[in-house]
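What follows draws every value from the coordinates through simple rules; no lab data is involved. Here the structure is a predicted model, which means the values were calculated and not measured. Cβ placement follows ideal geometry from the backbone for every residue including glycine, while neighbour counts extend to all protein chains displayed.
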Amino acid sequence: MKIVSVIARYLLGLMFTVFGLNGFLHFIPQGPPPANPLAVQFFTAISVSHFAAFFFAVQLVGGLLLISGFFVPLALTLLAAELYNILAFHLTLLPGIAPGLVACALWVLVFLQYRESFAGILAAKPAVRG
């Protein structure tokens, strides 16, 4: 299981690093605009306001952390929010959820290896100091 988790960590890290860099450098050709006018409005709003830069920065940082192997629980936490947004966007505005599901499956494989790091936040009644 450890080997599978390491492979998943590298693949997920590579995926988010590439797409995070693409957000800044635009080296992947852009396809046709989405058919859904709400999706076009969403893209326009986050692009014009530069809000998308935050998405891409989190993707880049999370991807690089996964590739490096340092702060993996932090990277998983950051990328969980990204994956939520990706899935929510594709479920509500633009069909084509398969790449998001692949990323989620990779995320779960990495999470299973690091689940002890999340023990405190997954406890119903966490320990409190003081």
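What to note about this one:
- Among (1) surrounded by fewer than 17 Cβ atoms within 10 Å (Cβ to Cβ); (2) under 13 Å from the mean Cα position of the chain (by Cα) - the single one residue 112 does not satisfy: (2)
- In region 22-107, counting only helices (runs of 4 or more DSSP H) that sit wholly within it, the ones holding 3 or more residues that are in contact with a helix residue (DSSP H, G or I) (Cβ under 6 Å, 6 or more places away or on another chain) span 52-68, 72-92.
- Per the conditions (1) exposed (fewer than 12 other Cβ atoms within 10 Å of the Cβ); (2) under 18 Å from the mean Cα position of the chain (by Cα), the sole criterion not satisfied by residue 48 is (2).
- Neighbours by Cβ (under 8 Å, 6+ apart or cross-chain): first from region 34-53, free of Cβ contacts under 8 Å to residues at least 12 places away in the same chain; second surrounded by 13 or more Cβ atoms within 10 Å (Cβ to Cβ): 40/34; 43/34; 46/52; 46/55
- Failed condition for residue 55, given (1) farther than 30 Å from residue 122 by Cβ; (2) buried (at least 16 other Cβ atoms within 10 Å of the Cβ); (3) not hydroxyl-bearing (Ser, Thr, Tyr): (1)
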